[in-house]
Amino acid sequence: MAGNFELLFDSLGHCGRYQAWVYFAAVFQAISCGIHYLASVFLAVTPKFICNVAGNVSRVLIYNSSRSRIEDAWTLWTLKQNYMLVQLEDGAVWELNHCSRSRREDALDFTYEYHGNKTEFPCTDGFIYDRTKWQSTIVTEWDLVCQREWLAKLTQPTFMLGVLFGALIFGDIADRMGRRHVIWFTSTGQFIFGIAVAFTFDYYSFLVVRFLLAMVSSGYLVVVFVYVTEYTGIKVRTWASMHVHAFFAVGVMVVALVGYLAETWWVYQICLSITTLPFVLCCWMLPETPFWLLTEERYEEAQKVINVMARWNKVSTPCKISELCSVQDELAHARTGDNDNSSMKKHSILDLFRNWQIARRTITVWLVWFTGSLGYYVFSLSSVNLGGSEYLNLFLIGAVELPAYVFACIGMDKLGRRNTLIPFLLSSSVICALIMLIPQDFSILTILANMAGKFAIGVAFGLIYLYTAELYPTVVRSLAVGSGSMMCRVGSVVAPFCVYLSSVWIFMPQLIVGIMAFLSGMLTLMLPETLGKPLTNTWMEAADLDNHIKKDKNSNKSLPAQNAAGLEKIEMRSQEAHGIND
């Protein structure tokens, strides 16, 4: 049983040198996941632009300010002016707007206000862009403005759609083929597709390659949570799982830094993708997790991994798989009366609804995933209105997540998973209500409230990964986390449309997030607490989490004497190993 598998960590150490090496090697790639998720923030930047005009410009006029070149006039361009007045060398006078241009009949009248006749033309000669900050983006590369503006807005939702598919597909593959193979494939795919994006020749190939990049990025992020969870013991599992989010947040900050330094979109994309290269060169060294190997009854391979861990951690007497499995078989007969072949069965997402108890758990977990993602992006999109440098704003958006995850770790270890999740879901709902009560003139209070809301939803969003992994058995753990991540991506796709509803009512996004957070918090009351409990390996153990108090009281009575002796033998071996280390 999973409880017996957990004895491996008592023998080998909950986070020895070997686990530390595996952990930091695996989570390093999470930086790239954060990078690719947020890269479109600057890839699809739409700078100031106007219609181009055939001919050489001799003078430019915006109200009473005159320049000789359009490049020098961008500092004068604001939303209050809807056109630039230019005079060509042939004497023609044009009003250049965003998506149209007009030629004045009276070429001698070179004043901004004009009431004479003019002829309007479409932008058949392309557009002129402000290249002060960015030399090129995908918007300037393929003229994704005016009638083609929706294509630029489609970039991020399409990426998130790829993330949705990748989370579900690779989570299932990881349960069937192993965590290691998926990590190899997705990490290599991130590097290849990340570089390929920079060399796409048109918008549609760019969209397709980015979709594939999203799938492998999502696949890696889903599997790495399960991977580090199964490689660390209970004592450090909370911090190990939560700090995967911290590396993702570092990726967000890297996007801000590279965006500030790189002015060309394809150079920007290559620089971001190169961060993956060190991991690609060494990812083949990562081993499979003992949990998955034991579940698949590949005992010899599991023993080899355990022996390597023992050597790295300087444990001279590692736990023997034969002893561990003999106890497991006896416990299985004692509890079920026959052999449990659930580990041999190929599972699908329908197994997450195998009975009402598990189905209720799945629905609640999915709702928390959806709400966490929805609130995360709604609060993030609100934060961009802080003003100042957009690079600094994005950097701070990533940095504010770090203290949230630290606070989540402390709460999860001290209060428990459920007892930390519920207060922060409900507090984010309360903060949404407060935002609706703050007068719009009090901008500082509004900003502080939005940041507090993001902090609260960040805590809930961070711990749901580990909580989900602990609520389901090994045979469907990656699938459960993957399906939850799928609901997370649904929330991220819905979030921009939720923000658009502010045109209906300015506080509509906060109202939706507040209602969802309150509903999620109340439903979470029915979830079991998993703090201090071993990872479950069978469906029976996962279902028994709801009755863990009763189970703990009767555990000594239900174990046959032979089984208890087997467990005692393993525990004695663990104590001897620790005694040697001490």
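The values are calculated or read from the model by the stated rules, or taken from the named source; none is laboratory data. Owing to the predicted nature of the structure, the values given are computational and were not obtained by experimental measurement. A quick note on method: Cβ atoms are made from the backbone with ideal geometry, for glycine too, and the neighbour counts reach across all protein chains shown. To get the accessible areas, we keep the full protein, side chains included, count just its heavy atoms, and leave off ligands, DNA and RNA. Shrake-Rupley method; radii C 1.70, N 1.55, O 1.52, S 1.80 Å.
Details
- Scoring Glu330 on the criteria (1) buried (at least 17 other Cβ atoms within 10 Å of the Cβ); (2) at pLDDT 75 or above leaves a single failure, condition (2).
- Selection status of Glu120, in a strand (DSSP E or B), free of Cβ contacts under 8 Å to residues at least 60 places away in the same chain and open to solvent by 100 Å² or more (accessible area, probe 1.4 Å): yes
- Any hit, segment 439-449, residues being open to solvent by 10 Å² or more (accessible area, probe 1.4 Å), within 29 Å of Gly166 (Cα to Cα) and either part of a helix (DSSP H, G or I) or among the charged types (D, E, K, R) (or both): no
- The number of residues in segment 24-68 that are under 44 Å from the mean Cα position of the chain (by Cα) and assigned to a loop (DSSP other than H, G, I, E, B) comes to 8.
- Any chance Val255 is open to solvent by 10 Å² or more (accessible area, probe 1.4 Å) and under 28 Å from Pro47 (Cβ atoms): no
- The numbered conditions (1) open to solvent by less than 20 Å² (accessible area, probe 1.4 Å); (2) among the charged types (D, E, K, R); (3) closer than 24 Å to Trp369 by Cβ are all true for Arg176 except (1).
- Test set (1) at pLDDT 90 or above; (2) surrounded by fewer than 24 Cβ atoms within 10 Å (Cβ to Cβ) - Tyr260 fails condition number: (1)
- Looking only at residues of segment 516-538 that are of a type in the set (A, V, I, L, M) and surrounded by fewer than 17 Cβ atoms within 10 Å (Cβ to Cβ), we find that the one that is nearest to the chain's Cα centre (by Cα) is Leu519.
- Looking across segment 34-88 at every residue that is farther than 30 Å from Val254 by Cβ, touching a residue at least 60 places away in the same chain (Cβ under 8 Å) and not small (Gly, Ala, Ser), the one that is surrounded by the fewest Cβ atoms within 10 Å (Cβ to Cβ) is identified as Glu71.
- Annotation note: Cβ proximity below 7 Å between a residue of segment 391-414 that is touching a residue at least 40 places away in the same chain (Cβ under 8 Å) and a residue that is surrounded by 18 or more Cβ atoms within 10 Å (Cβ to Cβ) and of a type in the set (D, E, K, R) (sequence gap 6+ or interchain) occurs for Val400/Lys454.
- Breaking point among (1) touching a Ser or Thr at 6+ places or on another chain (Cβ under 6 Å); (2) surrounded by fewer than 12 Cβ atoms within 10 Å (Cβ to Cβ); (3) β-branched (Val, Ile, Thr), for Val139: (2)
- Residue list for segment 147-168, restricted to those being of a type outside the set (D, E, K, R) and under 18 Å from Ser136 (Cβ atoms): Leu151, Ala152, Thr155
- Ala469 vs. criteria modelled with pLDDT of 85 or more, crowded, with 22+ Cβ neighbours inside 10 Å and assigned to a helix (DSSP H, G or I): no
- Sole residue being at pLDDT 85 or above and surrounded by fewer than 21 Cβ atoms within 10 Å (Cβ to Cβ), chosen from Phe247, Phe206: Phe247
- Failed item in (1) open to solvent by 10 Å² or more (accessible area, probe 1.4 Å); (2) under 22 Å from Val494 (Cα atoms); (3) in contact with a Ser or Thr (Cβ under 9 Å, 6 or more places away or on another chain), with Lys153 passing the rest: (3)
Quick grid of which residues meet (1) more than 30 Å from Trp142 (Cβ to Cβ); (2) at pLDDT 70 or above; (3) open to solvent by less than 10 Å² (accessible area, probe 1.4 Å):
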position	(1), (2), (3)
Ala310	yes, yes, yes
Thr317	yes, no, no
Asn341	yes, no, no
Asp351	yes, yes, no
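- Applying a threshold of 6 Å to beta carbon distances and a minimum spacing of six or more residues, or different chains, the list of pairs starting in segment 466-482 at a residue that is under 17 Å from Glu529 (Cα atoms) and ending at one that is open to solvent by less than 10 Å² (accessible area, probe 1.4 Å) and charged (D, E, K, R) reads Tyr467/Arg417; Ala469/Arg477.
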